[in-house]
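Below is one structure; the comments refer to it alone.
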Amino acid sequence: MPRYADPGAVQWVHSGGGPLIAIPETVLPFWSGFEGDDISCDYDRACEVEGFIGLVPVGDTRALVLADEPASTTYLPEHGTFVRWHAARSEKEMLAAVPAALEQAEWDPEEEAEWTVPGPVVLFEAVWPGTFSEGTDRLRVVLEPGRYGVRAAFVHPGPGTWMVLVQLRRLTP
């Protein structure tokens, strides 16, 4: 079993410049990405999110937009956290800094959101239609159905290491 210290121990999703989006698998076909009418499209809605996170409607649920900068992103289930790589010399350095970053994080209560998911979600670049996401850089994140509190923080846990943490906390029914 790979450990964080092993190169390539986790899968990273990269962006060509736009936001990433975590969409419940059940509504992937409803995300049109950049396709749409001349006035607006789903990708435009994702790009309108200000700050680190936001929620946009998709089908009968909502998707989580990871906005701000197009940082490479992974999900660490043991921390319930998306890690967005802004600066580090290596994957080993980035992942080793996560526990300290979680301790140092100053969560902005104005950035917190409540997200209800029906089950697993898929993280990929928001520009792509959900039906096309299998051919893209993507990551399937297994989440139990239910309500989650979502919060974000920019953290500088050590010299040359910066990251944005997007933490999912299970809320009681």
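The values are calculated or read from the model by the stated rules, or taken from the named source; none is laboratory data. From a predicted model like this one, the values you see are computed outputs, not experimental measurements. Reconstructed Cβ throughout: ideal geometry from the backbone, glycine too, with neighbour counts over all protein chains shown.
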Exactly one of Phe132, Phe154, Phe124 is within 13 Å of the chain's Cα centre (by Cα) and not polar (S, T, N, Q), and that one is Phe124
Looking across the stretch 6-17 at residues that are surrounded by 13 or more Cβ atoms within 10 Å (Cβ to Cβ) and modelled with pLDDT under 90, the single one that is nearest to Thr61 (Cα to Cα) is Ser15
Restricting the stretch 21-69 to residues that are modelled with pLDDT under 90 and out of contact with any strand residue (DSSP E or B) (no Cβ under 8 Å at 6 or more places or on another chain), the one surrounded by the most Cβ atoms within 10 Å (Cβ to Cβ) turns out to be Cys41
**Message:** Would you confirm whether or not the stretch 84-92 contains a residue that is in contact (Cβ under 8 Å) with a residue 60 or more places away in the chain, over 13 Å from Gln167 (Cβ atoms) and of a type in the set (Asp, Glu)?
**Reply:** yes
The correct count of residues that are surrounded by 18 or more Cβ atoms within 10 Å (Cβ to Cβ), closer than 19 Å to Ala67 by Cα and not polar (S, T, N, Q) in the stretch 142-169 is 12
If I filter the stretch 70-81 for residues that are crowded, with 16+ Cβ neighbours inside 10 Å and under 15 Å from Pro24 (Cβ atoms), do I get at least one hit? yes
* Please indicate, with yes or no, whether at least one residue in the stretch 125-137 is within 30 Å of Thr26 (Cβ to Cβ), touching a residue at least 60 places away in the same chain (Cβ under 8 Å) and among the β-branched types (Val, Ile, Thr). => yes
Of the candidates Thr116, Thr131, Thr136, the one satisfying the condition of being within 16 Å of Ala46 (Cβ to Cβ), surrounded by fewer than 21 Cβ atoms within 10 Å (Cβ to Cβ) and not aliphatic (A, V, I, L, M) is Thr136
Of Pro157, Pro173, the only residue that is touching a residue at least 24 places away in the same chain (Cβ under 8 Å), out of contact with any strand residue (DSSP E or B) (no Cβ under 6 Å at 6 or more places or on another chain) and part of a strand (DSSP E or B) is Pro157
| field | Test: Ala88 is in contact with a strand residue (DSSP E or B) (Cβ under 8 Å, 6 or more places away or on another chain) and under 26 Å from Val27 (Cα atoms) | value | no
Residues of the stretch 93-141 being of a type in the set (D, E, K, R) and within 21 Å of Glu69 (Cβ to Cβ), in sequence order, are Glu93, Glu106, Asp108, Glu110, Glu111, Glu112, Glu125, Asp137, Arg138
Flagged in the stretch 51-78 as under 18 Å from Trp162 (Cβ atoms) and aromatic (Phe, Trp, Tyr), in numbering order, are Phe52
